[in-house]
Amino acid sequence: VRSEDVLSAKTDLCLSNALVKAGTGLAVGIVASAILFRRRPWPVFLGLGFGFGQGYSDCERVFNPAAVPGFKIAGVKEA
């Protein structure tokens, strides 16, 4: 498998995951704004921000799994 294909697959996964999470956050924000907060705009932006943040966090895990707490690389001893 070529490295370009691996990078492309990770990027596709990252973008699709971020779009789904941002869309879900946007939808939850719209529903919360309409039902609970008398159509104020801040729940929409808050939900969208949470969605983008979660998508960004997942992208960090996809591209750098060693940054995940508890992740161990095989064959490397800890100091």
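Things worth noting here:
- Fully extended contour minus Cα-Cα distance, from W42 to A9, at 0.36 nm per residue: 8.4 nm
- Test item: Cα-centred dipole of the chain, Lys/Arg +1 and Asp/Glu -1 on Cβ, debye: 380 debye
- Once C-alpha pairs closer than 8 Å and six or more residues apart are averaged by separation and normalised to the residue number of the range 3-63, the relative contact order reads 42 percent.
- Each distinct pair of alpha carbons in the range 3-63 adds a 1/r term; the inverse of their mean, the Kirkwood radius, is 12.2 Å.
- Under 26 Å from the Cα of K10 - lysines, other chains or at least 8 residues apart: K21, K72
- Charge dipole of the chain about the Cα centre (unit charges at C-beta), most positive-ward option of T24, F63, P41: P41
- Around Q54: net Lys/Arg minus Asp/Glu count, Cβ-Cβ under 14 Å: 0
Each reported figure results from applying straightforward, stated rules to the coordinates on display, with no laboratory input. Since the structure is predicted, the reported quantities are computational estimates derived from the model, not experimental observations. For neighbour counting, all protein chains shown are included, and Cβ atoms are generated from backbone atoms with ideal geometry for every residue, glycine included.
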